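**Q** Dumping the structure here so I can ask a few things about it.
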Amino acid sequence: MEIPTAPNTDPTTPEGVPASASVVIIGAGVMGAAIAFHLAERGVEDVVIVERDTPGSGSTSKAAGGVRCQFSDEVNIALAAHGLEVLRNFETDFGVDIDLVSNGYLFLLDSEESAQAFSENVDLQQRMGLDSRMLTVAEVAELAPYVNTEGLVAGAFNPGDGHCTPEAVVSGYITAARERGVQVLKDCEVTGFETSAGPDREVTAVVTDHGTIACTQAVCAAGAWSGLIGDLAGVDLPVKPLRREIMVSEPVDFDTTGMPFTIDFTTSYYVHPEGPGLLFGCPDEVDDWSFNDKRDPNWLTTLAERIEARTPALIDVEAKRGWAGLYEMTPDHNALIGEAEELTGFFYACGFSGHGFLMGPAVGEVVADLMTGRTPFVDVTPMDKRRFITTGLRKELNVV
């Protein structure tokens with residue numbers, strides 16, 4: 001006699017797709033995970049995260065892990081500062097060690113124009129309570145003796161900034177969300193949306209390759225793929241993918257304890273300690289605006305040139321491993337946060353242009369507040385995508 005197979009009730013598998021939910025969140029990176037957790041914290045039941053791969057497997061796991069508050073836009077500064085505060089308390093609040101290192105962020109500036117812009121930004125950051133400050137070239141040399149200061153005119157430094165492990169942050173949020181009843185569907189891809197008829201469209205369901213989930217609210221937190229999700233919903237989300245690469249070195253034979261996250265602003269070359277080694281990053285010689293996340297064999301040559309030019313003392317470190325990932329770029333390098341005017345119930349949190357990981361903890365709270373009718377700790381109205389046809393571009397200058 002054949003014994004019937006019990007139905008699969010694992011909430012993390014496609015077979016467990018529910019017929020309905022109150023909210024469907026698309027994407028299980030830091031943004032989607034944080035939003036889900038905070039919705040559950042606010043008492044929202046039947047929250048479902050749909051992830052086409054596994055939690056944190058997209059751009060979040062490939063991020064450099066930097067967490068900084070040095071931005072030129074007031075909203076970005078507020079989001080980053082609040083997010084960093086959450087990360088400082090993450091182990092206590094979520095029981096997960098995220099390897100937070102607070103050695104600061106050091107921007108290297110090689111033009112008077114950049115120095116003036118950063119000086120104005122530092123003034124704004126200080127007015128908002130940060131310890132950011134401008135540095136002379138001599139102070140840069142003292143703080144970062146591995147830097148070739150030739151051609152530099154100044155530096156900008158915030159000692160409270162740092163870096164941590166993105167995967168650990170996602171794990172903490174996902175675990176806490178599940179404990180609060182959130183269902184996480186992995187290996188489940190969104191293929192469309194169902195909406196009400198008529199001019200005032202509303203979300204009625206999210207369609208996946210494993211079933212349709214009826215809902216009244218959906219959140220696009222799909223990172224670089226958000227533009228594609230928007231297309232499926234008939235919502236214009238101007239997000240394009242941009243490849244970036246990273247290399248981690250073998251252990252180095254010098255003390256990196258006080259080494260800040262160091263960025264050559266003009267070239268966007270950066271380096272920071274990573275365990276016993278160093279983590280390096282810089283743009284490709286020619287930008288790749290596609291979903292290609294394969295490593296470019298020529299990139300290491302580009303990186304070597306950047307290292308030799310700005311941090312020649314590090315040129316002899318040995319490469320251990322590397323990877324490529326995708327930034328989610330918008331026309332003005334600022335995020336998209338809000339509810340779509342074309343589709344009631346369709347919320348979005350995407351387009352962070354390289355700083356999504358560090359803002360995720362704060363944006364999770366903000367979006368959960370917007371969806372539940374609460375007032376967020378910061379007004380994110382300027383990040384609504386309608387700015388492109390109303391107030392225009394809201395340029396963020398401090399993009400790496």
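**Q** Please go through the range 356-383 and give me each residue that is part of a helix (DSSP H, G or I), in contact (Cβ under 8 Å) with a residue 40 or more places away in the chain and open to solvent by 30 Å² or more (accessible area, probe 1.4 Å), ordered by number.
**A** Hits for the range 356-383 are 365, 381, 382.
**Q** Looking at (1) in a helix (DSSP H, G or I); (2) surrounded by 14 or more Cβ atoms within 10 Å (Cβ to Cβ), which is the only condition residue 301 fails?
**A** (2)
**Q** Considering each residue of the range 146-182, count those that are open to solvent by less than 40 Å² (accessible area, probe 1.4 Å) and within 30 Å of residue 22 (Cβ to Cβ), and give that number.
**A** 10
**Q** Of the conditions (1) touching a helix residue (DSSP H, G or I) at 6+ places or on another chain (Cβ under 8 Å); (2) among the hydroxyl-bearing types (Ser, Thr, Tyr); (3) in a loop (DSSP other than H, G, I, E, B), residue 327 fails just one. Which one is it?
**A** Failed condition: (3).
**Q** Mind listing whichever residues of the range 198-244 are touching a residue at least 24 places away in the same chain (Cβ under 8 Å) and charged (D, E, K, R)?
**A** Matches in the range 198-244: 200, 201, 202, 209, 236, 240, 243, 244.
**Q** One residue is enough: does the range 111-121 have a residue meeting the conditions in a loop (DSSP other than H, G, I, E, B) and either open to solvent by less than 10 Å² (accessible area, probe 1.4 Å) or within 29 Å of residue 221 (Cβ to Cβ) (or both)? Show your work before the answer.
**A** Taking the range 111-121 and keeping what is in a loop (DSSP other than H, G, I, E, B), we get 111.
Then keep just the ones that are either open to solvent by less than 10 Å² (accessible area, probe 1.4 Å) or within 29 Å of residue 221 (Cβ to Cβ) (or both); that gives none.
For the range 111-121, residues in a loop (DSSP other than H, G, I, E, B) and either open to solvent by less than 10 Å² (accessible area, probe 1.4 Å) or within 29 Å of residue 221 (Cβ to Cβ) (or both): absent.
**Q** Residue under question is residue 86, and the condition is that it be in contact with a Pro (Cβ under 6 Å, 6 or more places away or on another chain) and either within 30 Å of residue 364 (Cβ to Cβ) or hydroxyl-bearing (Ser, Thr, Tyr) (or both); does it hold? Quick ask: steps written out before the conclusion?
**A** Values: in contact with a Pro (Cβ under 6 Å, 6 or more places away or on another chain): yes; either within 30 Å of residue 364 (Cβ to Cβ) or hydroxyl-bearing (Ser, Thr, Tyr) (or both): yes.
Criteria met by residue 86.
**Q** Now for a different question. If residue 304 passes every condition in (1) touching a residue at least 24 places away in the same chain (Cβ under 8 Å); (2) within 20 Å of residue 150 (Cα to Cα) but one, which one does it miss?
**A** The one condition residue 304 does not meet is (1).
**Q** Scan the range 43-57 and tell me whether some residue there is assigned to a helix (DSSP H, G or I), closer than 30 Å to residue 276 by Cα and open to solvent by less than 30 Å² (accessible area, probe 1.4 Å).
**A** no
**Q** Continuing with the same structure: Restricted to the range 122-137, and to residues that are of a type in the set (A, V, I, L, M, F, W, C) and outside any loop (DSSP other than H, G, I, E, B), which residue is nearest to residue 77 (Cα to Cα)?
**A** Let us first name the residues in the range 122-137 that are of a type in the set (A, V, I, L, M, F, W, C), namely 122, 124, 128, 130, 134-135, 137.
Now narrow it down to the ones that are outside any loop (DSSP other than H, G, I, E, B): 122, 124, 134-135, 137.
On the way: 122: 11, 124: 9, 134: 17, 135: 20, 137: 25 Å.
Filtering first and then ranking leaves 124.
**Q** If a residue has to be of a type in the set (D, E, K, R), part of a loop (DSSP other than H, G, I, E, B) and free of Cβ contacts under 8 Å to residues at least 60 places away in the same chain to count, how many in the range 145-190 make the cut? So that I can check it myself, show each step before the final result.
**A** Start the filter on the range 145-190 by keeping residues that are of a type in the set (D, E, K, R), which leaves 150, 161, 167, 178-180, 186-187, 189.
Next cut, part of a loop (DSSP other than H, G, I, E, B) only: 150, 161, 180, 186-187, 189.
Then drop every residue that is not free of Cβ contacts under 8 Å to residues at least 60 places away in the same chain, which leaves 150.
Result for the range 145-190: 1.
Let's see how each residue does on (1) open to solvent by less than 30 Å² (accessible area, probe 1.4 Å); (2) touching a helix residue (DSSP H, G or I) at 6+ places or on another chain (Cβ under 7 Å); (3) among the polar types (S, T, N, Q):
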site: 195; (1), (2), (3): no, no, yes
site: 206; (1), (2), (3): yes, no, no
site: 209; (1), (2), (3): no, no, no
site: 213; (1), (2), (3): yes, no, no
site: 229; (1), (2), (3): yes, no, no
site: 254; (1), (2), (3): no, no, no
site: 272; (1), (2), (3): yes, no, no
site: 284; (1), (2), (3): yes, yes, no
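**Q** Only one of (1) over 23 Å from residue 77 (Cα atoms); (2) of a type in the set (S, T, N, Q); (3) buried (at least 21 other Cβ atoms within 10 Å of the Cβ) is not met by residue 92, so which one is it?
**A** (3)
The values are calculated or read from the model by the stated rules, or taken from the named source; none is laboratory data. Computed from a prediction, not measured in an experiment: that's the story for all the values here. With ideal geometry, Cβ positions are generated from the backbone for all residues, glycine too; neighbour counts draw on all protein chains shown. With ligands, DNA and RNA removed, areas are computed over all heavy atoms of the protein, side chains included. Shrake-Rupley method; radii C 1.70, N 1.55, O 1.52, S 1.80 Å.
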